[in-house]
Amino acid sequence: MCCCTWWPELKRRKAFAVDQQVEKILLQCTRPIGAYQIAERLPKVATTQVYRALERLIAKDRARRINARNRFVAISADTDLIAICSKCDEFQLLECPDFVSGLANLCDSRAFRIREICLEMAGTCRNCHNGE
Ligand SMILES: [Zn+2]
């Protein structure tokens, strides 16, 4: 078999395997995690590969970048909003479709085209504000 046939297929399979490993780590984390921290847990994977895997997972709505922290979390397709504790970094994935459609209507009425909506809420989780 010619390398033109197997090489792209091999690269695609490797990328898929890295995506799976990265997603597994994200799913195990109860705190947002950085790309370098993910790479540290995958000794055979370079940080650039981790970044590419994260880009693919984000494109598939399986992960999201927490913009305020430059860290990543696993999400489901229904996640509209991420609430993050400012004290302990614990996060919750929230669904609020009414809020998102309200935003879309508001933007429609102002002729603003939405490219992406990244809803992040900072506050304190139950454990942290109980300790105050
Ligand atoms: Zn907390």
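Counting only residues that are on the phi > 0 side of the Ramachandran plot and either among the polar types (S, T, N, Q) or away from the ligand (no atom under 16 Å from the Cβ) (or both), region 73-132 holds 1 of them.
Residue-level analysis places ALA53 outside the set of residues that are closer than 24 Å to GLY34 by Cα and not assigned by TED's automatic domain parsing to the domain that holds ARG31.
The residue list ARG56, ARG52, ARG71 contains one member that is under 30 Å from ASN130 (Cβ atoms) and touching a helix residue (DSSP H, G or I) at 6+ places or on another chain (Cβ under 9 Å), which is ARG71.
Within region 97-119, restricting attention to residues that are surrounded by 12 or more Cβ atoms within 10 Å (Cβ to Cβ) and modelled with pLDDT under 90, the residue that is nearest to PRO32 (Cα to Cα) is LEU119.
From the list ILE66, ILE82, the one residue that fits, being under 30 Å from GLY131 (Cβ atoms) and not assigned by TED's automatic domain parsing to the domain that holds GLU116, is ILE66. Can you confirm whether region 51-66 contains a residue that is touching a Ser or Thr at 6+ places or on another chain (Cβ under 7 Å), free of Cβ contacts under 8 Å to residues at least 24 places away in the same chain and closer than 19 Å to LEU26 by Cα? No - not one qualifying residue is present in region 51-66.
Just one of the listed residues (ALA35, ALA59, ALA46) is surrounded by fewer than 11 Cβ atoms within 10 Å (Cβ to Cβ), in the same structural domain as GLN20 (by TED's automatic domain parsing) and more than 16 Å from the ligand (Cβ to nearest atom), namely ALA59.
So is CYS88 farther than 21 Å from ASP19 by Cα, exposed (fewer than 13 other Cβ atoms within 10 Å of the Cβ), in contact with a Lys or Arg (Cβ under 8 Å, 6 or more places away or on another chain) and not assigned by TED's automatic domain parsing to the domain that holds TYR36 or not? Against the criterion (farther than 21 Å from ASP19 by Cα, exposed (fewer than 13 other Cβ atoms within 10 Å of the Cβ), in contact with a Lys or Arg (Cβ under 8 Å, 6 or more places away or on another chain) and not assigned by TED's automatic domain parsing to the domain that holds TYR36), CYS88 does not qualify. Listed by first and then second residue, the pairs with beta-carbon distance under 7 Å, at least 6 apart or on different chains, first residue in region 93-119 and in a strand (DSSP E or B), second exposed (fewer than 11 other Cβ atoms within 10 Å of the Cβ), are LEU93/SER76.
The values are calculated or read from the model by the stated rules, or taken from the named source; none is laboratory data. Fair warning: this is a prediction, and the values are worked out from it, not measured in the lab. Here Cβ is always computed from backbone atoms with ideal geometry, including for glycine, and neighbour counts include all displayed protein chains.
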